[in-house]
Amino acid sequence: MVYLTPVDIDFNWRQRIEKENRSSKDFDQQWGWLQKNIRDMQKKLSEMSKESEFLKQVFTDKEDDNRSIKPIPESVNHEYGWLASKKEFQNKIPEKITKPELPPNYKLLIPYDSPYWCYLKS
């Protein structure tokens, strides 16, 4: 077992702090140029995201959900599936399901009836 005196502990601590400071300076010298590039890229991305129509749709305010799941049934397993029996929590199934329209630069290679249908970009 090695016994370190308070002077040894202080010396080791000072060396460690000095090494951390040197490493910080070395990092800035070697990789500091990346920080400017990253800041520029973040600025460009934030400008692009402000103009993006897709992101405007994604980040629109959602309406509050005021539905309540109470009262919860008192049973051992809380009656599995009880929530689906409430009318306001049931899925709304559309009366007519339509096929998605393909963008102009895509074409359908395999008919929809096939289990292997997919889109391929032309």
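The values are calculated or read from the model by the stated rules, or taken from the named source; none is laboratory data. Everything numeric in this text was worked out from a predicted model, so none of it was measured. No Cβ is skipped: glycine too gets one built from the backbone with ideal geometry, and neighbour counts run over all protein chains shown.
Quick check on region 2-23. Is at least one of its residues of a type outside the set (S, T, Y), at pLDDT below 85 and in a loop (DSSP other than H, G, I, E, B)? The answer is yes, given that some residue of region 2-23 is of a type outside the set (S, T, Y), at pLDDT below 85 and in a loop (DSSP other than H, G, I, E, B).
Residues considered: K50, K70, K99. Of these, the only one that is of a type in the set (K, R), part of a loop (DSSP other than H, G, I, E, B), exposed (fewer than 10 other Cβ atoms within 10 Å of the Cβ) and at pLDDT 75 or above is K70.
Whenever a residue of region 24-42 is of a type outside the set (S, T, N, Q), it has no partner that is at pLDDT 90 or above and assigned to a helix (DSSP H, G or I) lying with C-beta atoms less than 8 angstrom away and at least six residues away or across chains.
Restrict the check to region 73-83 and report whether at least one residue is in a helix (DSSP H, G or I) and surrounded by 10 or more Cβ atoms within 10 Å (Cβ to Cβ).
Applying the first criterion (in a helix (DSSP H, G or I)) to region 73-83 yields 83.
Checking the rest, the ones that are also surrounded by 10 or more Cβ atoms within 10 Å (Cβ to Cβ) come to 83.
Yes, region 73-83 has at least one match.
Residue-level analysis places Q35 among those that are modelled with pLDDT under 90, assigned to a helix (DSSP H, G or I) and touching an Asp or Glu at 6+ places or on another chain (Cβ under 9 Å).
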